[in-house]
Amino acid sequence: MNTRHEKPVTTERYRAAVARIVAAIRGREGLSDRQLAQRLDCSAGTIRNARMEATSLDPAILIRIEQAFGPGAIDPLLALAQVRCLPLGQGGEGSGAPALAIVEALHGVVEMQAASSEAGRRVTTHELRQILPELRAGRAALDTLIARASGEGAASGEGGPSGEGAASGGGGASEEGGA
C-alpha cells in the first residue's frame, strides 16, 4: 500500500466515484437506468439514486458491475484506495510470458498509428475499442510484473520455480475511465 498521505475515504467521495462508474457505463453502453438495473439485477431507483449520489450501492451490485462490464469497471471507486481491479489468470503470469501480452497491446497501438490506418497517425476511440481486450491483458501483465517486483503478496513471484504467482489487485493508480 502507498505510504503517502491520501485523502480519507468519505461517504461523499465514495458516492461520487460510484456516480462516475454508473455515468460511464450508461454513456459507453447507451443504457437507461432501467436497462442498467436489469443487467445488474437491481431496481432502476437504485441506479438512479447511485447516479444522483443519493445513496450507496450494495457491494454485491458493485461486484456484478465488474462481472458484467469487465475488469476495471469499478476502478474509479477503487482509486480511492489507490488500487484497481485485475483479472485473475490473465496478463501472462500463468504462462510465464507476461511480455507477450504487453507486446500484443503495443503492437495494436503501433498499427493504429500507421498512416494507412482509420484516422492516419491519430488514434481514435473506435480503434482503441477494437483492441480493448489486448490493452487490458497488457495492463494486467504490467501490473503483475510491478506487483512481483515490489513483493506484493502472492503476486511477488514466490508461487513456483519460475516465479509464477497469482494476480494481485494492488497494481497501481487507476484511470478514471476504467479502461
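Please treat every number below as a calculation from the coordinates, not as lab data. On a predicted model such as this, the values are computed, not experimentally measured, just so you know. Note: ideal-geometry Cβ built from the backbone for every residue, glycine included; neighbour counts use all protein chains shown.
In terms of the mean number of neighbouring beta-carbon atoms within 10 Å, the peptides 47-57, 132-142, 105-115 order highest first as 132-142, 47-57, 105-115.
Calculated FRET efficiency, SER117 to ALA23, Cβ-Cβ distance, R0 = 45 Å: about 0.90 to the nearest 0.05. For region 116-124, backbone phi angles converted through the Karplus equation (6.51, -1.76, 1.60; θ = phi - 60°) give residue-by-residue couplings of 8, 6, 3, 10, x, 6, 7, 8, 9 Hz, Gly and Pro being listed as x. Sequentially through region 12-17, phi angles give Karplus couplings (6.51, -1.76, 1.60; θ = phi - 60°) of 5, 5, 4, 5, 5, 5 Hz, Gly and Pro residues having no value and appearing as x.
Length available on full extension from ILE63 to SER150: 0.36 nm per residue minus the Cα-Cα distance, which gives 28.6 nm. Sorting the segments 32-38, 69-75, 121-127 by their mean number of nearby beta carbons within 10 angstrom, highest to lowest, gives 69-75, 32-38, 121-127. Across all directions, the average flat footprint of the convex hull enclosing the Cα atoms of region 11-69 is 3.3 nm².
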